[in-house]
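Working notes, structure below.
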Amino acid sequence: MAAINLQKLDRIIERFAGVEHALSSGVTGEAFVKNSKDYAELAPMAKGAKALKEAYLEREGLTEMLAGG
């Protein structure tokens, strides 16, 4: 079982994608400032969450291969 729930990782990744979308849609003023701060805080976490999720999924696939082989 994963040490961190995959759903939690997905929520981090989805939140970051939402912030990226907001910034690319041309928000201005206070919304831009808030989204910029969120982006700066979430970027390292989202990168780590993506890598960790990929590692969990790879481990799961390898475990299935070993069990079947």
Only Cα pairs within less than 10 Å get springs; with that Gaussian network setup on the chain, which residue of 49, 31, 17 has the largest fluctuation?
31
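Percent of alpha carbon pairs in the chain separated by more than 16 Å?
Of all Cα-Cα pairs in the chain, 55 percent lie more than 16 Å apart.
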Straight-line reach from residue 53: which lysines have Cα under 25 Å away, leaving out those fewer than 8 places along the same chain?
8, 37
Set of aspartates and glutamates with alpha-carbon distance to residue 50 below 20 Å, sequence-local pairs under 8 removed:
10, 14, 20, 38, 41, 58, 60
Extending each Cα 7 Å along its Cβ direction at residue 11 and residue 67, get the distance between those two points in nm, one decimal.
2.7
Helix 6-24 sits at what angle to the longest principal axis of the chain, using alpha carbons and giving 0 to 90 degrees rounded to 10?
30
Heavy-atom accessible surface of the chain: percent carbon and sulfur, 1.4 Å:
60
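Could you compute the net charge surrounding residue 65? Neighbours are other residues with a C-beta less than 11 Å from the C-beta of residue 65; K and R count +1, D and E count -1.
Net of charged neighbours comes to -2.
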Would you calculate the separation in nanometres between label points at residue 58 and residue 33, each defined as 7 Å from the Cα along the Cα-to-beta-carbon direction?
4.2
Under the definition of Cα pairs under 8 Å and six or more residues apart, what whole-number percent is the relative contact order of the chain?
42
Positive-end residue, the chain charge dipole about Cα centroid, Cβ charges, pick of 19, 29, 39
29
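The values are calculated or read from the model by the stated rules, or taken from the named source; none is laboratory data. Predicted model only: the values in this text are computed from it and were never measured. Positions of Cβ are generated from backbone atoms using ideal geometry, with glycine treated the same way; all protein chains shown enter the neighbour counts. Accessible surface is based on the protein model in full, side chains and every heavy atom, while ligands, DNA and RNA are left aside. Shrake-Rupley method; radii C 1.70, N 1.55, O 1.52, S 1.80 Å.
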